[in-house]
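Throughout, read-outs are computed from the coordinates displayed, never taken from laboratory work. Fair warning: this is a prediction, and the values are worked out from it, not measured in the lab. Cβ: placed from backbone, ideal geometry, glycine included. Neighbour counts: every protein chain shown.
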Ligand SMILES: Nc1ncnc2c1ncn2[C@@H]1O[C@H](COP(=O)(O)OP(=O)(O)O)[C@@H](O)[C@H]1O
Ligand SMILES: [Mg+2]
C-alpha cells in the first residue's frame, strides 16, 4: 500500500500574521485511508488542507504527495492529485450548467474535447447527477450542489479528496447523501479521503482522526481513542451529539454508563439492557 501523503515538520505563517497557523506538523496517510481532521475554529485545518494541494506553500518542512515533493515544479501535478471540496456549495460554481461546471477544471488543464465530454458524463454518473447535466447549478439543493462539486473533482482523476467541512451547511439528509457518494467513490476509485469536520458521525467512519489544536497536532488516534474523551470533545472541536449529552446527564444521576462513544442506536440498546436487569 504505502503512504500517499507524507508531511514532515510543516510550518506555515500567513503573510503579515503575528502567529504561526501551523507548527511542526508531521503525519503520514496510507493510500486508501479515510482520515478525519478535527479541531476548534482557527486550529489550522483549512490551512493544512491548502498546504497539501499547493494552494499555500509551506514556510518550512516538506509535503510529499503521491511520491512528489511539493515545490514550484510539482505544484500543478500535485493540485491535480488532490481535490478539495469546500464548505459553501454556492461559492464553488463557475459554469452556467452542471455539465459546464464539471468541465471547467478539465478545460483549464487542456484536456481534449472528446475526452472532456466522456469524463463529464462519467463523473456525473458516478455522483448520480446525470439527469441534472443541463440544469443551472444555482437551482440545486445543497446536497446536489456538493455532489456536482465532487463530480468536478473526480473528473480530474485525483488520488486524494479533501472535504473541508463540505457537509456542514447541509441538512442531515444532504450530509448522508454526500457522505454516501464519497464512500462509494472511495471504494470504486481507491481514493484516499481526508475529511475536516465537526460532525462526530462523519469522524466516526474514519480509520484515524487527527486532532489539531492551535496549529499543532494534539493527538492522532482511532475514533475510539479520540471519542474516549467524552464531552471534552466539545472543547476539542466536535459537536457533541444528543446521545453523549444524555449519557452525561445519566452519569450525573448515578447511572452506570460505558465510557465509549455510543450513537443513538447503541445508546438505546444499552438502555434496554439496563432496563431488563432492573
Ligand atoms: N488568509 C488569512 N490571513 C491571515 N490569517 C489567516 C488567514 N486564514 C486563516 N488565518 C488564521 O490562521 C489560523 C488557522 O486558520 P484556519 O486554517 O482557517 O483554521 P480552521 O480551518 O481550523 O478553522 C487562524 O488563526 C486564522 O485566523
Ligand atoms: Mg476551516
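At R0 = 22 Å, how high is the FRET efficiency between residue 255 and residue 232 if r is their beta carbon distance? Nearest 0.05 is fine. After rounding, the FRET efficiency stands at 0.65. Put in order of Cβ neighbour count within 10 Å, fewest first, the listed residues 265, 165 become 265, 165. Annotation for residue 41 and residue 275: the two label points, set 7 Å from Cα along the Cα-Cβ direction, are 3.9 nm apart. Beta-bridge orientation, the chain: approximately 50 percent antiparallel, per DSSP, counting only bridges with both partners inside.
For the pair residue 96 and residue 176, label points projected 7 Å from Cα toward Cβ lie 3.7 nm apart. One decimal place: the segment residue 18-residue 30 gains 0.9 nm when fully extended, by the rule 0.36 nm per residue minus the C-alpha distance.
Volume per residue for the chain equals 147 cubic angstrom (convex hull of Cα atoms). Using R0 = 25 Å, the C-beta based FRET efficiency linking residue 157 and residue 75 works out to 0.90. Order these by the 10 Å Cβ neighbour count, fewest first: 205, 98. Ordered from fewest to most neighbouring Cβ atoms within 10 Å, 205, 98 come out as 205, 98. By the beta-carbon count within 10 Å of each Cβ, the least crowded to most crowded order of 129, 257, fewest first, is 257, 129.
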